[in-house]
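See structure below.
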Amino acid sequence: MTNMTLKINDLDADLAVGDSGASYIDVDLSNDYIIWTAGSDDVKDGEDEPSEDELNQASTLIAELVETQVAHSLLFDYSASELKEIVGMGENKRYVYAFSFDGDTATEPQLEAWNDSNHNSTTKNVLGLGTPADSMVKAVCTTGALPGANWAKTGGTHINLAGSGASNVVKLNDGNGAITLLSGEGSRELYANIAIVIPDGYATPAIETFVSTIRYSWS
Amino acid sequence: MKNTKISLYKILFKDGTIFNGGYDLFNTEWKNIPNKEIKKLYYRLPAGDYLCLGGYEKYFHRVEAIVDISGKEKGKTKLQSIYLYGKKQDKVIVYQIGLVKDINLGLIYKKIVNINDEEIKKLNPKNWK
């Protein structure tokens with residue numbers, strides 16, 4: 001089989017995995033987790049694991065007249081017991097989330113979003129209340145190129161992530177199909193940028209979780 | 001689906017020889033199939049019976065999985081389906097065998113698509129046998 005490892009950039013989102021000076025954290029998917037937040041003195045890079053109160057105080061405020069992009073995405077790094085800023089999240093940056101595959105795939109890996117680990121519904125507010133086109137989770141494949149300015153905002157190059165419909169998943173190899181490692185190549189990294197953008201005046205404040213999923217296959 | 005005694009599939013080649021596949025879906029041995037013309041492919045289903053494909057020019061096999069990167073079950077590689085493909089002229093027959101307990105375990109879905117269908121074009125070309 002082929003294994004997938006998630007790496008997040010914690011230094012310079014202009015540098016790919018393996019570039020001189022690049023720094024990525026291999027995410028321990030069993031223990032680490034990602035927080036979307038407006039940030040605060042207690043919820044920022046280098047701080048320890050935030051309490052529920054601290055997270056609530058660092059919630060994103062919904063603006064009345066303009067859409068609001070959640071300002072920060074932080075990884076709680078369990079082994080280091082501290083928060084790490086995911087560098088380049090939501091910006092016009094290419095190397096933010098790296099999905100590393102240690103072998104060939106049979107199909108093109110894709111990124112999806114669901115209510116929960118049952119992977120059969122997208123009815124949460126953040127996922128568009130069952131209308132994938134209204135999902136607030138915005139993602140773009142950056143394996144081949146920068147996403148462009150304001151890619152996550154209305155009119156940008158993003159895909160509204162929700163469910164598994166062809167229009168609402170991100171093909172991580174730029175739509176070029178399965179990946180085949182070259183001779184001597186130990187892994188292949190595919191890249192995406194992910195953001196959350198809340199519509200202006202959205203009437204239902206909520207604390208919601210969602211599940212991001214990578215779907216892929218091997219022969 | 002894991003069985004330490006019975007291989008996932010058997011391939012009968014036109015020269016009369018047989019290839020036994022791997023013993024679990026994480027190690028299928030598909031890439032090690034000799035480059036010879038296949039006469040029939042016998043694929044063991046979750047219930048223990050076999051699906052037989054024969055008469056195709058080329059065959060393709062894949063195991064689909066998902067890995068959550070957030071949520072309660074993040075990090076687990078969860079098998080979803082087995083896909084078997086048989087190509088003949090400009091058509092491809094596709095069998096999907098469900099692997100998700102309480103959802104589609106053992107259910108078989110069948111469709112026929114054109115060779116130029118996006119799904120077929122985006123498969124890894126190295127893995128056709």
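Data for the structure
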read-out	value
Strands (runs of 3 or more DSSP E) within segment A:108-219 that include 3 or more residues more than 9 Å from every other protein chain (Cβ to nearest Cβ), touching a Cys at 6+ places or on another chain (Cβ under 9 Å) and in contact (Cβ under 8 Å) with a residue 40 or more places away in the chain	A:188-198
Among the residues listed as B:63, B:67, the single one being of a type in the set (Val, Ile, Thr), within 9 Å of chain A (Cβ to nearest Cβ) and within 13 Å of the chain's Cα centre (by Cα)	B:63
Output for segment B:1-26, where each listed residue is part of a strand (DSSP E or B) and at pLDDT 95 or above	B:9, B:10, B:11, B:12, B:13, B:18, B:19, B:20
Close pairs from segment B:29-47: first closer than 10 Å to residue B:129 by Cβ, partner among the hydroxyl-bearing types (Ser, Thr, Tyr) and modelled with pLDDT of 95 or more, Cβ under 6 Å, at least 6 apart	B:30/A:219; B:38/B:59; B:41/B:59
Residue match in segment B:86-107 (condition: facing another protein chain (nearest Cβ under 9 Å), closer than 30 Å to residue A:31 by Cα and in a strand (DSSP E or B))	no
Considering residues of segment A:28-82 that are closer than 24 Å to residue A:213 by Cβ and polar (S, T, N, Q) only, the residue farthest from the chain's Cα centre (by Cα)	A:79
Filtered residues of segment B:94-129 (kept if closer than 24 Å to residue B:8 by Cα and exposed (fewer than 13 other Cβ atoms within 10 Å of the Cβ))	B:101, B:102, B:103, B:109, B:110, B:111, B:112, B:125, B:126
Where residue A:76 falls short, out of the listed (1) within 12 Å of another protein chain (Cβ to nearest Cβ); (2) assigned to a strand (DSSP E or B); (3) surrounded by 22 or more Cβ atoms within 10 Å (Cβ to Cβ)	(3)
Candidates A:75, A:11, filtered to the one that is touching a Gly at 6+ places or on another chain (Cβ under 9 Å), more than 15 Å from residue A:142 (Cβ to Cβ) and not polar (S, T, N, Q)	A:11
Segment A:18-33 - residue that is within 9 Å of another protein chain (Cβ to nearest Cβ), part of a loop (DSSP other than H, G, I, E, B) and touching a strand residue (DSSP E or B) at 6+ places or on another chain (Cβ under 9 Å) and, of those, surrounded by the fewest Cβ atoms within 10 Å (Cβ to Cβ)	A:31
When residues of segment A:2-15 are limited to those that are part of a loop (DSSP other than H, G, I, E, B) and crowded, with 17+ Cβ neighbours inside 10 Å, the one farthest from the other protein chains (Cβ to nearest Cβ)	A:15
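The values are calculated or read from the model by the stated rules, or taken from the named source; none is laboratory data. The shown structure was predicted, so the numbers you read here are calculated from the model rather than taken from an experiment. Virtual Cβ from ideal backbone geometry, glycine too; neighbours counted across all protein chains shown.
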